[in-house]
1. In the Gaussian network model of chain B, springs joining C-alpha atoms below 10 Å, which of B:40, B:81, B:14 carries the largest mean-square fluctuation?
2. Please give the net charge around residue A:71, taking every other residue with its beta carbon less than 14 angstrom from that of residue A:71, where Lys and Arg add +1 and Asp and Glu add -1.
3. For a test of the definition: using alpha carbon positions, the gyration tensor, and the 1.5 limit on a/c, classify the range B:29-99 as rounded, prolate or oblate.
4. In nm, what is the difference between 0.36 nm times the number of residues separating residue B:82 and residue B:99 and their Cα-Cα distance?
5. Once you order the gyration tensor axes a ≥ b ≥ c over the Cα atoms, which shape class does chain A get: rounded for a/c under 1.5, otherwise prolate or oblate by comparing a/b with b/c?
6. Once you put a point 7 Å from the Cα of residue B:42 and another 7 Å from the Cα of residue A:72, both along the Cβ direction, what distance in nm separates them?
7. If every alpha-carbon in the protein assembly as shown counts as one equal scatterer, what log10 I(q)/I(0) does Debye give at q = 0.13, 0.14, 0.15 1/Å?
8. Report, in whole Å, the centroid distance computed from the Cα atoms of the range B:35-112 and the range A:40-88.
Amino acid sequence: DTTVKQNPRYKLARVGKPVNLICSQTMNHDTMYWYQKKPNQAPKLLLFYYDKILNREADTFEKFQSSRPNNSFCSLYIGSAGLEYSAMYLCASSSRTGGVYAEQFFGPGTRLTVL
Amino acid sequence: QEKVQQSPESLIVPEGAMSSLNCTFSNSASQSIWWYQQHPGKGPEALISIFSNGNKKEGRLTVYLNRASLHVSLHIRDSQPSDSAVYLCAVRGSSGSWQLIFGSGTQLTVMP
């Protein structure tokens, strides 16, 4: 089973309110990623976990938080949503066993709309 | 920061035709290059990858990589309406980098 699941699939949030997105995978992958995708733009890596080590991109460091309570689950947390956070959020996972040749498996995404 | 550019932005072909998609990247030391397919409402799914100069064929798909010209192309033979999707080119960075750098995609439409 190469399934990555994301909840919810659609999320409506008010400006200034927090948002929490959930991702799960059952492939026992050691690495989980969060990407942000806006229409007609490339998916942009926000952060990733290798085991319990969180790596955040420099330009999104203060905007997004994440937690990984166990190997299967990973969350993405926005403390105070702004209009610019409206986007599709994609979760992915991979195994470091394959090194740089390892495939990343993606979930269906959560579409976040901030009003 | 590595950059990935895809062309064309959109492509319309008749059923049975060859679809050709292009991708250029900025770092010749990139370790691996992936093509992902994304249907509406679904996440990207890896179609084919290539790691060495040359070509790779899988079914109706052929990928050509030329590191000297920083160019990779995807060709879909006998295109079908079910191939209609967004195709994303992704490059894994130079040694030590785990990040996939994506292009903005090509919207392929195959007309019956």
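1. B:40
2. My count for the surroundings of residue A:71 gives +1.
3. Since a/c reaches 1.5 but b/c is at least a/b, the shape of the range B:29-99 is classed as oblate.
4. Gain in length upon complete extension: 3.2 nm.
5. prolate
6. The two pseudo-label positions are separated by 2.4 nm.
7. Debye output, listed in q order: -0.77, -0.89, -1.01.
8. The range B:35-112 and the range A:40-88 have Cα centres separated by 25 Å.
Values in this text are rule-based calculations from the coordinates and carry no lab data. Keep in mind that what you see is a predicted model, and the values were worked out from it rather than measured. Quick reminder, even Gly has a Cβ in these numbers, built from the backbone with ideal geometry, and neighbours come from all protein chains shown.
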